[in-house]
Amino acid sequence: KNQVEQSPQSLIILEGKNCTLQCNYTVSPFSNLRWYKQDTGRGPVSLTIMTFSENTKSNGRYTATLDADTKQSSLHITASQLSDSASYICVVPLRAGNMLTFGGGTRLMVKP
Amino acid sequence: NAGVMQNPRHLVRRRGQEARLRCSPMKGHSHVYWYRQLPEEGLKFMVYLQKENIIDESGMPKERFSAEFPKEGPSILRIQQVVRGDSAAYFCASSQSGGYMNTEAFFGQGTRLTVV
């Protein structure tokens, strides 16, 4: 069954600290993996797209890693800010790209 | 270049009424996707459309739900005879080319449907 599982479900950290979010997927065949940020009440915004051949990709304070062998990805947030409080969603295309399979997301709360 | 525009942002309907949700894709995008997000849950695929064609509707409920993307105008997600279980946020995304093979998909802000 094609699935995307994320952990932890929720996370609270202090401003300035780092954190790492995990994503395991069983979607096959694999084409790419995406991380989105969704603020409360708003639509998802893309952070990174990683293809099969990419191991690490950075976007500012966000760094995503991908291990296609173990089917795992992580999103590392450095020096967290209050504005990082959001849901972070791991997404993998399914069925040759017509449908995105969404993980349940990790709800991150950054406290001052 | 405006982003994906959805309207209305909030919609309240009584049980049994019809709900029409609109999505205008980004300029130059001819591929539209609709997703539903129930409270405290992830997004679930509903339907994928190109201009005047439904490409994949495997996520659409069999009854009461329909979608279109006419040659001119926005894409419409239509829910007939709404029930309380239809209350959710409905998101639209658009992309420039077909499929998601390394193609960026941009999301709108969603329409929050409340059925009372």
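The table for this structure:
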read-out	value
A:LEU14 vs. criteria buried (at least 19 other Cβ atoms within 10 Å of the Cβ) and of a type outside the set (Gly, Ala, Ser)	no
Among (1) within 30 Å of A:PRO29 (Cα to Cα); (2) assigned to a loop (DSSP other than H, G, I, E, B); (3) open to solvent by less than 60 Å² (accessible area, probe 1.4 Å); (4) more than 10 Å from every other protein chain (Cβ to nearest Cβ), the one test that B:GLU104 misses	(4)
From the options B:MET60, B:MET5, residue that is under 23 Å from A:THR40 (Cβ atoms) and of a type outside the set (Asp, Glu)	B:MET5
Residues satisfying the stated conditions in segment A:63-86, i.e. part of a strand (DSSP E or B) and either modelled with pLDDT under 95 or closer than 15 Å to A:THR20 by Cβ (or both)	A:THR63, A:ALA64, A:THR65, A:LEU66, A:ASP67, A:GLN72, A:SER73, A:SER74, A:LEU75, A:HIS76, A:ILE77
Test: B:SER97 is within 11 Å of another protein chain (Cβ to nearest Cβ) and either polar (S, T, N, Q) or on the phi > 0 side of the Ramachandran plot (or both)	yes
Residue within segment A:37-45 that is part of a strand (DSSP E or B), in contact with a Pro (Cβ under 6 Å, 6 or more places away or on another chain) and within 21 Å of B:GLY42 (Cα to Cα) present	yes
Matching residues in segment B:1-46 - criterion: being of a type in the set (Asp, Glu) and away from every other protein chain (no Cβ under 13 Å)	B:GLU18
Where B:GLN109 falls short, out of the listed (1) assigned to a strand (DSSP E or B); (2) within 12 Å of chain A (Cβ to nearest Cβ); (3) open to solvent by 10 Å² or more (accessible area, probe 1.4 Å); (4) in contact with a Lys or Arg (Cβ under 7 Å, 6 or more places away or on another chain)	(1)
Strands (runs of 3 or more DSSP E) within segment B:27-80 that include 3 or more residues over 16 Å from B:PHE107 (Cβ atoms) and not charged (D, E, K, R)	B:53-56, B:65-68
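So that you can scan it fast, the table gives a plain yes or no per residue for (1) surrounded by fewer than 16 Cβ atoms within 10 Å (Cβ to Cβ); (2) out of contact with any Pro (no Cβ under 8 Å at 6 or more places or on another chain); (3) of a type in the set (Asp, Glu):
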position: B:LEU38; (1), (2), (3): yes, yes, no
position: B:GLN50; (1), (2), (3): yes, yes, no
position: B:GLY59; (1), (2), (3): no, yes, no
position: B:VAL82; (1), (2), (3): no, yes, no
position: B:ASP86; (1), (2), (3): no, yes, yes
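Okay, residues lined up against (1) open to solvent by 10 Å² or more (accessible area, probe 1.4 Å); (2) within 11 Å of another protein chain (Cβ to nearest Cβ); (3) within 22 Å of A:GLU15 (Cβ to Cβ); (4) without any contact (Cβ under 8 Å) to a residue 40 or more places away in the chain:
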residue: A:TYR62; (1), (2), (3), (4): yes, no, yes, yes
residue: A:LYS71; (1), (2), (3), (4): yes, no, no, no
residue: A:LEU75; (1), (2), (3), (4): no, no, yes, no
residue: A:SER83; (1), (2), (3), (4): yes, no, yes, yes
residue: A:TYR88; (1), (2), (3), (4): no, no, yes, no
residue: A:LEU94; (1), (2), (3), (4): yes, yes, no, no
residue: A:LEU100; (1), (2), (3), (4): no, yes, no, no
residue: A:GLY103; (1), (2), (3), (4): no, yes, no, no
residue: A:MET109; (1), (2), (3), (4): yes, no, yes, no
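The values are calculated or read from the model by the stated rules, or taken from the named source; none is laboratory data. What you are looking at is a predicted structure, and each value in this text was computed from that prediction instead of being measured. Because the Cβ atoms are built from the backbone with ideal geometry, glycine has one as well, and the counts that use them run over all protein chains shown. For the accessible areas, the whole protein counts, side chains as well, though only heavy atoms, and no ligand, DNA or RNA atoms are used. Shrake-Rupley method; radii C 1.70, N 1.55, O 1.52, S 1.80 Å.
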